[in-house]
Amino acid sequence: MGVLFEHELKVGVCLSLMKTVLTGVKPTGRIHIGNYLGAMRPAIAMCNQENVQGLLFIADYHSLTTVHNAETLNHMVYDLAATWLALGLDPQQTFIYRQSDVPETFELQWILSCMSAKGLMNRAHAYKAIVQENEKKAKSDLDDGVNMGLYNYPILMAADILLFSADEVPVGEDQVQHVEIARDLAEKFNRIFAEEVIRLPKVVVQKESKIVPGLDGRKMSKSYDNTIPVFMEPKKMRQLVMKIKTDSSGPEDPKDPNSSILFDLYKEFATPEQVEEMAHRYHKGIGWGYVKQDLFEAMESTLSGPREHYKELMNNKDELDQILKEGSSRARERAAELMSRVRTAIGITRRGK
Ligand code: TRP
């Protein structure tokens, strides 16, 4: 009862006092340290702020543009939800839900697609990249390999965002254009029908400095095959840490912490005192093996708790379902409010009840 009351109170005040922060994540397979440090940890910190109503959803229908295997998609959705929760997203405070559990999204997508110039989609970068690739290969059909889901992807994303009158949308650099498209569509809708029905979201770009180095020193990325998965057994994780690239300087040689992949990673996991101490040891001279061992231990102390929590959740999908269901019903309360104003604005209304 207490929880219910608190929640209702929050819904009541949220439109005036609370800032709505919304982001979506596409299930794409195993989450790695780069995803965690670059995107998830800052998003969780944003959602956990006092005056923020966070909405975080699993963009399962966005994945359908590329994932055409039921078992894979199903598994990836649970995996991603469990990962966010295990890493500290609080489902009491933040609405966490599956995109597919909010059918209003798809209604709004249609409405927005009727406002969207086709040319706007031609300029979307994911589509353009495929066309350019086809051009290079001198294919006769420049749209080869493009399904309509991929083509309409930015409109679905606009619906995800605009449905909840999001104030801020934290995303990586590659998604900025999509949020701009959402703003364009919102503006167009408001211009045609009525001012201020749809709120224009602000994009929050996740910082470049958070580009996390991978095993070979390039940006940690699945496409470079240089990642450290966020949840793996300690023995395996240690083996990977031992593989991180270092230079050929000897154990006694003084080292520069500012040009060291190991130090960059260590900073993210160790306490400020440990970091200071490590910088000191670099200057004095330290063998790379010791740095790696300390890095591994710092990672382990941050990630071992969440790893256990992740395993528990993956072994209890009923609980995951329950959390996601609860999140979607809370999210839908907000969606209904916007949709009613949108329908009225466009003339899809009924007389009487
Ligand atoms: N397209 C985003 C990505 O690939 C995921 C996404 C879908 C999203 N809908 C969104 C992100 C709405 C922010 C807001 O990363």
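Rule-based calculations on the coordinates, nothing more; no lab input. Remember, it's a predicted structure, so these values are computed and weren't measured experimentally. Methodologically, a virtual Cβ is constructed for each residue, glycine included, from the backbone with ideal geometry; neighbour enumeration extends over all protein chains shown.
Working from Cα positions, state the angle (0 to 90°, nearest 10) between the long axis of helix 125-136 and the longest principal axis of the chain.
With both axes taken from Cα atoms, the answer is about 80 degrees.
The range 99-114 to the range 255-292: how many Å between their Cα centroids?
About 49 Å separates the Cα centre of the range 99-114 from the one of the range 255-292.
Once you have the Cα-Cα distance between residue 245 and residue 30, take 0.36 nm times their residue separation minus that, and quote the gain in nm to one decimal. Each step should come with its number before you reach the end.
Numbers: separation 215, 0.36 × 215 = 77.40 nm, distance 2.22 nm.
Separation in residues times 0.36 nm, less the Cα-Cα distance, equals 75.2 nm.
So if I take the alpha carbon set of the chain, get Rg, then get Rh from the Kirkwood formula, what is the Rg over Rh ratio?
Numbers: Rg = 22.9 Å, Rh = 22.4 Å.
Computed over Cα atoms, the ratio is 1.02.
Counting Lys and Arg as +1 and Asp and Glu as -1, each charge on the Cβ, what is the dipole of the range 231-310 about the Cα centre in debye, to the nearest 20?
Details: 11 positive and 14 negative charges, 74 e Å.
Roughly 360 debye, rounded to the nearest 20.
Counting other beta carbons within 10 Å of each Cβ, put 165, 113 in order, fewest first.
On the way: 165 21, 113 16.
Least to most surrounded, the residues fall as 113, 165.
Among 200, 64, what is the fewest-to-most ranking by other Cβ atoms within 10 Å?
Values: 200 17, 64 14.
Listing 200, 64 from fewest to most nearby Cβ atoms yields 64, 200.
Which ordering of 110, 288, 84 is given by a fewest-first count of other beta-carbon atoms within 10 Å? Mind showing how you got there, number by number?
Details: 110 11, 288 19, 84 22.
Starting with the residue having the fewest Cβ neighbours, the order is 110, 288, 84.
Please compute P(r) over all alpha-carbon pairs of the range 231-310, binned at 10 Å starting from zero, and give each bin as a whole-number percent.
Result returned by the calculation: 18, 51, 25, 5, 0.
Taking the alpha-carbon distance from residue 202 and a cut-off under 21 Å, which lysines remain once sequence neighbours fewer than 8 residues away in the same chain are dropped?
19, 26, 188, 210
Can you work out the FRET efficiency for the pair residue 329 and residue 135, with r the C-beta to C-beta distance and R0 = 45 Å, to the nearest 0.05?
Computed FRET efficiency for residue 329 and residue 135 comes out at 0.45.
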